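The values are calculated or read from the model by the stated rules, or taken from the named source; none is laboratory data. As the structure is a computational prediction, the values presented were derived from the model and not from experiment. Every residue, glycine among them, receives a Cβ derived from its backbone with ideal geometry; neighbour counts consider all protein chains shown. We work out accessible area using only protein heavy atoms, side chains counted, and drop any ligands, DNA or RNA first. Shrake-Rupley method; radii C 1.70, N 1.55, O 1.52, S 1.80 Å.
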Amino acid sequence: MQMELFQAIANMSGANFAQHLVNGISLGSLYALIAIGYTMVYGILLMINFAHGDIVMMACYFAFFGITIFHIPWYITFVGVIIATALLGAIIERTAYRPLRDAPKNSVLISAIGASFLLENLANYLFSGRPMRFPNIPLLSQNISFGSVQIQAISFVIPVITILSLVVLLHIVNHTKIGMAMRAVSKDYEIARVMGVNIDNVISTTFIIGSALAAIGAFMWGVKYPGITPMLGVMPGLKCFIAAVIGGIGNIKGAVIGGFILGLGEIMIVAFFPQLSGYRDAFAFILLIIILFYKPTGLLGEKITEKV
Amino acid sequence: MLKISDLVVSYGGIEALKGISVDVPDGQIVTLIGANGAGKSTLLRSIIGLVKIQSGSISYNDQTINGLNSQKIVQTGITLVPEGRRVFPNLTVLENLQIGAYMRNDSEGIQQDIEKIYKLFPRLEERHWQMAGTLSGGEQQMLAVGRALMCKPKLLMMDEPSLGLAPLIIKDIFSIIQKINKQGVTILLIEQNANMALKIADKAYVLETGRISMEGTGAELLENPEIKAAYLGKKKHK
Ligand SMILES: Nc1ncnc2c1ncn2[C@@H]1O[C@H](COP(=O)(O)OP(=O)(O)OP(=O)(O)O)[C@@H](O)[C@H]1O
Ligand SMILES: [Mg+2]
């Protein structure tokens, strides 16, 4: 194995490596954007929003309808997709989770799985199971040549948009009133209530932000991997959930780090061990097991302290 | 004023409060003492809307407040310094004060009140940037009181503010309670530290396993032989 690795490295030119690096960073960015939604919802409701991956899928269909069917310019569609997806996230919270606010955690989890199935089947019914092609946006999908290697423009756009999104997110969470309320609710919702914080508004906002980030990720995902099916969100959803757990669920920075580790790791494994490429999807699970074994709370996870 | 009549609260069929009536007149310090598990915290939690009441009524300035959600109740001018401080550990000291003013929109007034709190507790100003979770127990208690004051309460309820604090700090906290009261804030104080609490109280209640067993002025209860034996004597053995 080690010999092969050296061989692989020796065979790889600097340009080739740069190509893999760019691909890894952009995949990691996408994972990070989607993982944040899992981690924020968990931080506040202590539940896994199983429908989050399917929200990604719906965002891709929204983009398809906007650009391919209604011929709306892609940049306007992009904004529209963010708004529509954020709304969808808020509606799911409102209908599937809020009525169960005082119910046992298991009921909420079951409701989340139900919401996920509902979205998948709804997409299947409305858009048919036949794969569709994410609209082509030449500006983003064109190849840029660097000597012998070609890299898609979107691979450079993704990290930039991701960083911008993260800056906005961190500003909201750390420097606005609603962000302060979100942090307070995640630690002690009872006392937050006594301070006059409207918990329902805070939870809705959390879903809106998480879904908006997922929409941004989904749009760019579609440009890079253009096949859309009703089950499209399942695998990325699962991996981004793993990314959130690896980083320490509930922790936004952790979700970003987890996303990058997974994205870069996946691409690099395929690059260095082409014979292992069939196991690409297993990488996330193996990494999850290893990290949870050494650090059960994830990389940046806090010790779970019992609440008074 | 706050008026509680025949309040019954139960947890899963077990009555924690078995029909109690308590009056808290405006401008006074009213204290409620009682052993562990007597139902003291339950009373405060039901006033602020964190637990549902089974029967009876809670009214504040002749408006029935039981059944309202906490947000509405806090809007009437009632606030709580909860048992065990419960500052937000992941927020800075300053943010904890700001969130106390969550329902206010007068940023200038908020800023002035923060300055006032800093005058009351200079320690909080020194540490305004620090995560509240890293404060000492006494500092957290100051912060919990300061946070509650930030909503400009008319009625301040405190659940065992002296719990786990050194005697010197307890003295500070009690003198600050009196100071706050002199500024026109009505106080409902729950304490295990019966001696100190009765000394500053205009009116006092003794709660025993969900029932009021005694009431009177602070001075009366301080002299009461039963109280001396049950609550004040016990303290000496500590
Ligand atoms: N959430 C709950 N579920 C079930 N029982 C509860 C709950 N909260 C309190 N109780 C019970 O109600 C009774 C009164 O509790 P409460 O916390 O009001 O006591 P307390 O007088 O504040 O005691 P302490 O001085 O120890 O704080 C206790 O027997 C307690 O076990
Ligand atoms: Mg108590």
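Just tell me how shielded B:74-80 is by partners: mean number of partner chain Cβ atoms within 10 Å of each residue's Cβ, no decimals.
Working: counts 5, 1, 0, 0, 1, 3, 3.
Neighbouring Cβ atoms belonging to other protein chains average 2 per residue here.
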**Prompt:** With +1 on each Lys and Arg Cβ and -1 on each Asp and Glu Cβ, how big is the dipole of the protein assembly as shown about its Cα centre, in debye rounded to the nearest 20?
**Reply:** 240
**Request:** Quote the FRET efficiency, to the nearest 0.05, computed for A:MET47 versus A:SER145 with a Förster distance R0 of 35 Å and r equal to the Cβ-Cβ distance.
**Result:** 0.15
**Item:** Calculated on alpha-carbon atoms, Rg and Dmax of the stretch B:140-189 in Å
**Value:** 10.3, 28
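Kindly compute the accessible surface that chains A and B hide from a 1.4 Å probe when together, both sides summed, and give it to the nearest 100 Å². Each step should come with its number before you reach the end.
Details: alone 15410 and 11600 Å², together 24980 Å².
The summed interface area works out to 2000 Å².
Provide the packing ranking of A:228-234, A:146-152, B:141-147, i.e. peptides ordered by the mean count of other C-beta atoms within 10 Å per residue, highest first.
B:141-147, A:228-234, A:146-152
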**Request:** Would you mind giving the average projected area, over all directions, of the Cα convex hull of the protein assembly as shown in nm² with one decimal?
**Result:** 30.6
**Fill in**
Of every Cα-Cα pair in the stretch A:58-210, the percentage lying beyond 27 Å is 43
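Highest mean first, what order results for A:122-130, A:155-163 on Cβ atoms within 10 Å?
A:155-163, A:122-130
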**Item:** GNM top mover of A:ALA103, A:ALA32, A:ALA215 - chain A, alpha-carbon springs below 10 Å
**Value:** A:ALA103
**Message:** How much length would be gained if the chain were fully extended between B:ARG211 and B:LYS119, taking 0.36 nm per residue of separation minus their Cα-Cα distance, in nm to one decimal?
**Reply:** 29.2 nm
**Prompt:** Say each of B:ALA229 and B:THR64 gets a label point 7 Å from the Cα, pointing the same way as Cα to Cβ; how far apart are those two points in nm?
**Reply:** 4.2
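Is it possible to state the helix-based mean residue ellipticity at 222 nm for chain B, with each DSSP H run of 4+ residues giving -39500 (n - 2.57), the sum divided by total residues, to the nearest 500 deg cm²/dmol? What is it? Write down the numbers at each step before the final one.
Values: 10 runs with 88 residues, N = 238.
Rounded to the nearest 500, it is -10500 deg cm²/dmol.
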**Prompt:** Can you pull the mean other chain C-beta count within 10 Å for peptide B:145-156?
**Reply:** 1
**Item:** Diffusion constant of the stretch A:1-137 at 20 °C, which comes from Stokes-Einstein with the Kirkwood Cα-pair radius and 1.002 mPa s, µm²/s
**Value:** 121
**Message:** Filter B:LYS119/B:LYS171; B:LYS72/B:LYS171; B:LYS119/B:LYS152 down to the pairs with a C-alpha to C-alpha distance above 27 Å, please.
**Reply:** B:LYS72/B:LYS171
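With a 1.4 Å probe and all protein chains left in place, how much of the accessible area of the protein assembly as shown comes from carbon and sulfur atoms, in whole percent? Working shown, then result.
Details: 15340 of 24980 Å².
Ligands and nucleic acids excluded, carbon and sulfur reach 61 percent.
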**Message:** With a 10 Å cut-off between alpha carbons and a GNM built on chain A, which of A:ILE216, A:ILE91, A:ILE252 moves the most?
**Reply:** A:ILE91
**Request:** Could you give the spread of the C-alpha atoms of chain A along their three principal axes, from largest to smallest, in whole angstroms?
**Result:** 63, 50, 35
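Kindly state, as a whole number, the per residue volume in cubic angstrom of the convex hull around the alpha carbon atoms of the stretch B:1-105.
Dividing the Cα hull volume of the stretch B:1-105 by its residue count gives 132 Å³.
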**Request:** Grab the other residues whose beta carbon is less than 12 angstrom from that of A:ALA51, score K and R as +1, D and E as -1, and report the net.
**Result:** -3
